[in-house]
Amino acid sequence: MDFASIEKKWQKEWQDTRLFEPEVDPKRPAFYIQVAFPYPSGAMHIGHGRTYAVTDIMAKYHMLKGYNVLMPMGWHVSGTPVIAAVEALQKGVEKTVKIFNENSRIPKEDFKYLTANPESFVDYMVNKAEYGYKAGFHKLGFGIDWRRELKTIDPTYKKFIEWQYKKLYAKGYIKKGRYPVRYCPKDNNPVGDHDLAEGEGLGIQEFTILKFKMDNGKFIVAATLRPETVYGQTNLWIGPEAEYMIIKAGNEEWIGSSEFLEKLKSQRSGVEKTGTIKGTDLVGKSAMAPGIDRKVLILPCSFCDPKTGTGIVTSVPSDAPIDLVALLDLQKDKEMIKKYKLDEKEVLALKTIPIIKTLEFE
């Protein structure tokens, strides 16, 4: 049986009879269904087929039940992925060119549409591409009322969103305040999951800043994902060859990496660099550890990543294998202890501090 011919026959019949273009009919119950608009920043893929097939099944089920069904379609183009794709193609980024040319089967001569501007890119991916969205939806036989097609940058749709937010705000469902958001420092705007050129699904990683006060009044700051482990702190790790920033944060001076300073500027006001200090100038000194109110040594290591947290690590050997191995290695390395003029007795005296005491039962 030639199923392709059968599909084409009935799809033409649906189109000719305008089956999916409902008008107001007070004699029948109305049913409206809509799923999240696709973002045409790349070619249509199996995920689109799955998502909109489920919606289409629901729509047609209700049609068979006698409902007057409306399923419109729109294109979500008000974020940054399209802009990112256009810019990458304009620059001839090899990875992006390969994705569109080989994976999406778009001829290079058609790149004139993709690189002209974001609007031309969207129009091509939706309407002109051989494997474009509208052609794909037609082939799948989705019951869409194309008279109501829209883009999220259409003036009328933007007004609708504005009206919607005002209504939600008036009802108390939206509150103005300060909240952590993913933020693009290049374009200076918050970004949602589908605004990302890549890395969708990654959440905000929330660190807790621990402040270690030094005798000079400055604070060494470390970041942790496990603040409950403060009770097992034995020392601080710092990159001896790295240069750290002295940062004015309110009425305090903090010490952290330059990368940490840039991230901190995006999260709070009144932050600025007031100086620099070498890691070697901090090694061997001590600072008061929060949570345990006890001074801990600042020791050298090779694994402090300036891009992670503050570039300084608080050591909890009882719960972090890297901390334990680093501490044991340093205690065996007499040359390292001598190189950084550390007190050997103090270094050898450092032991793992259990966070939870073992309970003995009779």
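Yes or no, residue by residue, for (1) outside the structural domain of L150 (by TED's automatic domain parsing); (2) of a type in the set (S, T, N, Q); (3) closer than 23 Å to K151 by Cα; (4) in contact with a Gly (Cβ under 7 Å, 6 or more places away or on another chain):
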site	(1), (2), (3), (4)
E21	no, no, yes, no
P29	no, no, no, no
A36	no, no, yes, no
I46	no, no, yes, no
M63	no, no, no, no
N68	no, yes, no, no
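The condition (being in a loop (DSSP other than H, G, I, E, B), in contact with a Leu (Cβ under 8 Å, 6 or more places away or on another chain), of a type outside the set (A, V, I, L, M) and under 24 Å from G47 (Cα atoms)) is satisfied by just one residue among G143, G203: G143. Do you know which of the residues in segment 77-103 that are under 29 Å from R148 (Cβ atoms) and surrounded by fewer than 18 Cβ atoms within 10 Å (Cβ to Cβ) is modelled with the highest pLDDT? Here the residue is I83.
Restricting G79, G42 to residues that are under 18 Å from F137 (Cα atoms), in contact (Cβ under 8 Å) with a residue 24 or more places away in the chain and not hydroxyl-bearing (S, T, Y) narrows the list to G42. Take the conditions surrounded by 11 or more Cβ atoms within 10 Å (Cβ to Cβ) and without any contact (Cβ under 8 Å) to a residue 40 or more places away in the chain and apply them to Y165. Does it pass? Yes, satisfied.
Filtering segment 27-50 to residues that are within 26 Å of K98 (Cα to Cα), of a type outside the set (D, E, K, R) and out of contact with any strand residue (DSSP E or B) (no Cβ under 7 Å at 6 or more places or on another chain) leaves Y39, S41, G42, A43, M44, H45, I46, G47, H48, G49. Report yes if some residue within segment 269-277 is surrounded by 15 or more Cβ atoms within 10 Å (Cβ to Cβ) and of a type in the set (D, E); otherwise report no. Checked against the condition, which is being surrounded by 15 or more Cβ atoms within 10 Å (Cβ to Cβ) and of a type in the set (D, E), segment 269-277 yields no hits at all.
Suppose we filter K334, K295, K307 for residues that are touching an Asp or Glu at 6+ places or on another chain (Cβ under 6 Å) and assigned by TED's automatic domain parsing to the domain that holds V221; which single one remains?
None of the other options fit; the residue is K307.
Pairs needed: first member in segment 86-104, under 20 Å from G132 (Cα atoms); second member anywhere, among the basic types (K, R); C-beta distance under 6 Å; at least 6 residues apart or different chains. Within 6 Å, the pairs are N101/K108. The number of residues in segment 63-107 that are outside any loop (DSSP other than H, G, I, E, B) and in contact with a strand residue (DSSP E or B) (Cβ under 7 Å, 6 or more places away or on another chain) comes to 6. For segment 246-261, state whether one or more residues are assigned to a loop (DSSP other than H, G, I, E, B), farther than 20 Å from F303 by Cα, touching a residue at least 12 places away in the same chain (Cβ under 8 Å) and within 21 Å of the chain's Cα centre (by Cα). The answer is no; no qualifying residue exists.
Here is the figure for segment 10-35: residues that are surrounded by 11 or more Cβ atoms within 10 Å (Cβ to Cβ) and either assigned to a helix (DSSP H, G or I) or among the β-branched types (V, I, T) (or both) total 6.
For segment 36-74, give me each residue that is touching a helix residue (DSSP H, G or I) at 6+ places or on another chain (Cβ under 6 Å) and either among the hydroxyl-bearing types (S, T, Y) or crowded, with 18+ Cβ neighbours inside 10 Å (or both). Selection gives P38, Y39, P40, S41, M44, V69, M71.
The values are calculated or read from the model by the stated rules, or taken from the named source; none is laboratory data. Keep in mind the model is a prediction, meaning the values are calculated, not measured. Note that each Cβ is placed from the backbone with ideal geometry, even for glycine, and that neighbours are counted across all protein chains shown.
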